[in-house]
Structure formats: C-alpha cells, structure tokens
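A.B. asks: Here it is, the structure in full.
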Amino acid sequence: MDNQEESLIFPPHFFWGCATSAHQIEGGLNNDWSEWEKSPRRLKDLKNKQRDPLDFISGGAANSFIDNNADIACLKNLNANAYRFSVDWSRIEPEEGRFDLKALNYYKDLVKKLRAQGIEPFVTLWHWPLPLWLRDKGGWENRQIVTYFEKFTEKVVTYLNEEVNFWITLNEPMVYASQSYLTGEWPPNKKNPLALWRVINNLVLAHRASYQILKKIDQNNRVGIAKHNIYFEAANNSLINKVLKNIADWWWNFRFLNKIKNCQDFIGLNYYFHNLVNYGFGKQKIYEKQSDLEWGLHPEGIYHLLKDLKKYNKPVYITENGLADKGDQHRSWYIEEILKNVHRAIGEGVEVKGYLHWSLADNFEWAEGFKPRFGLYEVNFQTYERVARPSAQFYADICKNNRI
Ligand code: FCB
C-alpha cells in the first residue's frame, strides 16, 4: 500500500468475476416483484413523483434469459474465472410443487456454458422475488416457507449439482427483511417490527434447512450466504458512539451470521456502505467521490469489514461490490482502491478467495429502476447490445494478471 508503484499480487486460484441476479437481468418474469412494479399503488406513487413508469418495470430486463451468450461473451472478455448469478424461484416452480423442466434446463445449460469457458458458477438460490403462489401464502412471514425452500433447494441442487460447487442460499437477508417489512419500500410493503422479526427467523431457518440438503446431496458442496455488511464507524471516541457502533454491528452485521455459524462453509460479503455513527445512525460524512445514486464511496470500509469477519474463521468471497456510474468516472478508481484494501486484509490473515464485481452489465436496479448503471458493460435497452465501458478493460487486466 505504501509503495503505489509496486503491483499487488493476489493468492493463487483467486476467483475474479462478476455478480448478477435473475430478476435484474433475465426479463419475462412473473413473480411478486414484477406484479408490484405494475400495481396501481406503485404506478400512482411513480406518477406523484413524476417518473416514467416504464423506467421502473423490469419487463425484458437485460434480455439475459433470451440470450445469455451475450453475458458469457462479456465474462470471457473480462478474463473472468467466476460468475455469480441467481435462479428465479417463480420460473422454476410457477405453481406449488410443479417444477418446470424448461426452466431447470435453462440454468443447467447456463452452468455448462460457463464451465466450458473455464468459469466457476456461484449459484444464488434466492435473490429476493417470490413465486406468486408463495406470496399468497404469506411469503417469508409464513413458517411453512422453510419447507418450501427446502424442497426448492433439493430440486435445483439435484439438477445442477454435477456442475456447481459454490452455492449461496440467500442474498442479503437483512436488507430484504428491512426493506420489505420495516421501511415498507419493497413488496409486500409492510412496516411491522413483529413481521420483521418473524421474517428474519424464517430466513435463518430456511438457510439452515437448505444447507443440510445441499450437504446431504453432496458433502463437497460449498455453501454460504451473501451478507450485506455496512462499515459502521464511530465518529469519535465518545462512549455513546462506540456503544451505538457495537449495537449496529451486532444487529446488522453479525447477528444473522452468528445464527447460521455452524451451517456455512464460507462467508459471502457484499460491500457498498460506510455509515458514520455520530449520536445516531446514518449521519453521512461528505465523501470525496460518490456514485450516481449518491452512495458515498469509501473503499477502506471493506478492509475493516474483512478484518471483522476473521473471527468466523471461514474463507470469504466478496460476492458483490460496485457502484452506479453511468459515465464510468470512478469505477476503475473504486475497483483499484477496493482491491488494495482487500489485499491489505489478506496480508493480515483474512482468507479472501474471490472478488465478484456488481455488476457485469447494466440491469434493473429494483425500486430504482433502470436509471442506475452498475455495469462494467453498458447495455442498450432497445437492442440489448453490450458495450464495454473503459473500466471493463481495466478490470480485465486485473483478472488476467491476478494483480493490481
Ligand atoms: C445489492 C443487491 C443487488 C444490487 C446491488 C446494487 O444490495 O444485492 O441485487 O441491487 O445492491
């Protein structure tokens, strides 16, 4: 870190790649999210904000279901040796207990294509949307979902196991639970702390059940979750700020991981946020650089989070990290600074084994719609053509050389 000229080499067999999720890239989905996007309540809300609803309906997304070769070509150009994507539950199990072979074959074909290119698949089983029939049963509030998720896991894993080693059961359970059951911003738009509590518990149970099935089917499966952690930093030495920081760390960063401690082979870390704790949460400092979504860019945060994960004594994969940056002004800088901090953590004994950038190509950013551009590749949403942003070449060199 001191000598900026010297290149930093990463450990052998390091995984370099990108992350995506089904709802954000595939298109043509029919689940609780796609219904919500078009619901009268949502459309009214967008109208009040004078937003064009078409920017907020996932629709064809990035067209990846129709043509995943475009994504694979981008991964190839990046010299990636890993790719994280998710399967969509509503596509695979459109009705309770009816598993769609066409959908399962689509994902099987995708992993085969990845393998043929020497790209290791990291498969996420659940990245937020739910099938409509399951939503109608109460979704994550209903304890029965644990059994449904277990059966779903069994089906998918039986199908894909031959080609897949790395499994991520859940994406960012705390983010989902909070946005959907506390702030009410995401479907099912509840603001109910009791429901939040129930949902978190059911997510914990679902992970554990899914883990057991994955291991039963194949002991060699590597299983974890993608955990969104925030770097909470006490603004000063005041006792109150330190206590508040510890509470935030416990609630947001560690509690879920502690609950699944004995049921994970690795930790997936998603890093986006730094939060200065100053007699309260969410007091942002002024950042030198920020993303198009005005998320302050604070690359050092990942170093602290990685050090904090050391206590779990498990390998860590960075399963997401990135920024909305349409003009590609900060992306290369951000990747480089993040990786310097990752390297520093590795030097201090944290077993980091991969970095998956969010995201491969522009896609549908949930409630924020199509405007935020997270891609190393720019997507033309009329033609679905992918064009490399300059940072794609920057990242491709890193992937190729295993160094920055
Ligand atoms: C993460 C989500 C991912 C993407 C990025 C920007 O919280 O897991 O789907 O939206 O944020």
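A.B. asks: Assuming a strict under-16 Å limit between Cα atoms, what lysine pair count do you get for the range 1-150 once near-sequence pairs (fewer than 8 apart, same chain) are dropped? Walk me through the numbers on the way to the answer.
C.D. replies: Numbers: LYS38/LYS47; LYS38/LYS49; LYS76/LYS112; LYS76/LYS113; LYS102/LYS112.
Within the range 1-150, the lysine pair count is 5.
A.B. asks: Related question: Which aspartates and glutamates, on any chain, are close to LYS216 with Cα under 20 Å apart, when same-chain ones fewer than 8 places away are left out?
C.D. replies: By straight Cα distance, LYS216 reaches GLU150, GLU154, GLU162, GLU163, ASP265.
A.B. asks: How much of the accessible area of the range 28-157, probe 1.4 Å, is carbon plus sulfur, in whole percent?
C.D. replies: That fraction is 47 percent.
A.B. asks: While we're looking at this one, here's another question. So for GLU172, GLU294, what's the accessible-area order with a 1.4 Å probe, most first? Display every interim value, and only then the final one.
C.D. replies: On the way: GLU172 10, GLU294 135 Å².
Solvent-accessible surface, decreasing: GLU294, GLU172.
A.B. asks: In a GNM of the chain with a 10 Å cut-off on Cα contacts, which of TRP126, TRP250, TRP89 has the highest mean-square fluctuation?
C.D. replies: TRP250
A.B. asks: Grab the beta carbon distance between LYS76 and LYS44, set R0 = 35 Å, and tell me the FRET efficiency rounded to 0.05. Each step should come with its number before you reach the end.
C.D. replies: On the way: r = 44 Å, r/R0 = 1.25.
Taking R0 as 35 Å, the efficiency between LYS76 and LYS44 is 0.20.
A.B. asks: Taking each pair of distinct Cα atoms in the range 89-223 once, what is the resulting Kirkwood hydrodynamic radius in Å? Display every interim value, and only then the final one.
C.D. replies: Working: mean 1/r = 0.0647 Å⁻¹.
Computed over Cα pairs of the range 89-223, the Kirkwood hydrodynamic radius comes out at 15.5 Å.
A.B. asks: Which residue fluctuates the most in the chain, going by a Gaussian network model with Cα springs under 10 Å, if the choices are TYR159, TYR231, TYR355?
C.D. replies: TYR159
A.B. asks: What's the carbon and sulfur percent of the range 179-306's accessible surface, probe 1.4 angstrom, rounded to a whole number? Intermediate results must be reported in sequence, preceding the final value.
C.D. replies: Values: 3080 of 5760 Å².
Ligands and nucleic acids excluded, carbon and sulfur give 53 percent.
A.B. asks: At 1.4 Å probe radius, can you tell me the per residue accessible area of the chain in Å²?
C.D. replies: Numbers: 17010 Å² over 404 residues.
Heavy-atom SASA per residue in the chain reads 42 Å².
A.B. asks: Relative to the present Cα-Cα distance, how much length would full extension add between ASP136 and LEU239 at 0.36 nm per residue of separation? Could you put the intermediate results ahead of the total?
C.D. replies: Values: separation 103, 0.36 × 103 = 37.08 nm, distance 4.65 nm.
Between ASP136 and LEU239, full extension yields 32.4 nm more.
A.B. asks: Right, here's the next one. In bins 10 Å wide, starting from 0, what share of all Cα pairs of the range 363-404 does each bin hold, as a percent?
C.D. replies: Spelled out per bin, shortest first, that is 27, 41, 25, 7.
A.B. asks: So how much accessible area does CYS399 have, in Å² to the nearest 10, using a 1.4 Å probe?
C.D. replies: In the full protein context, CYS399 sits at about 10 Å².
A.B. asks: So, one more: Filter the trypsin sites (Lys or Arg not before Pro) in the range 196-265 down to the DSSP loop ones having no more than 15 other Cβ atoms within 10 Å, then list what survives. Write out the running numbers ahead of the final one.
C.D. replies: Details: sites: ARG198, ARG208, LYS215, LYS216, ARG222, LYS227, LYS242, LYS245, ARG255, LYS259, LYS261; in loops: none.
Listed in order of number, the matching sites amount to none.
A.B. asks: Please compute the net charge surrounding TRP36, taking Lys and Arg as +1 and Asp and Glu as -1 over other residues with Cβ under 10 Å from its Cβ.
C.D. replies: That works out to +1.
A.B. asks: So which residue, out of PHE364, PHE122, PHE381, gets the largest mean-square fluctuation from a GNM of the chain using Cα contacts under 10 Å as springs?
C.D. replies: PHE381
A.B. asks: Moving on. Toward the positive end of the charge dipole of the chain, about the Cα centre and with charges on Cβ (Lys, Arg +1; Asp, Glu -1), which of VAL146, GLY375, HIS127 goes farthest?
C.D. replies: Comparing the listed Cα positions along the dipole, VAL146 ranks first.
A.B. asks: To one decimal place, what orientation-averaged projected area in nm² is obtained for the convex hull of the Cα set of the chain? It would help to have the intermediate numbers written out before the result.
C.D. replies: Details: hull surface 76.3 nm².
That works out to 19.1 nm².
A.B. asks: Compute and list, largest first, the equivalent-ellipsoid semi-axes of the range 177-285 from the alpha carbon gyration tensor, each √(5λ) rounded to a whole angstrom.
C.D. replies: On the way: eigenvalues 171, 69, 26 Å².
They are 29, 19, 12 Å, listed largest first.
A.B. asks: Hey, what did the chain get for relative contact order, percent, Cα under 8 Å, at least 6 apart?
C.D. replies: 20 percent
The values are calculated or read from the model by the stated rules, or taken from the named source; none is laboratory data. Just so it is clear, the model here is predicted, and its values are computed rather than measured. Cβ atoms come from the backbone with ideal geometry, glycine included; neighbour counts cover every protein chain shown. Calculation scope for accessible area: heavy atoms of the full protein, side chains included, ligands and nucleic acids excluded. Shrake-Rupley method; radii C 1.70, N 1.55, O 1.52, S 1.80 Å.
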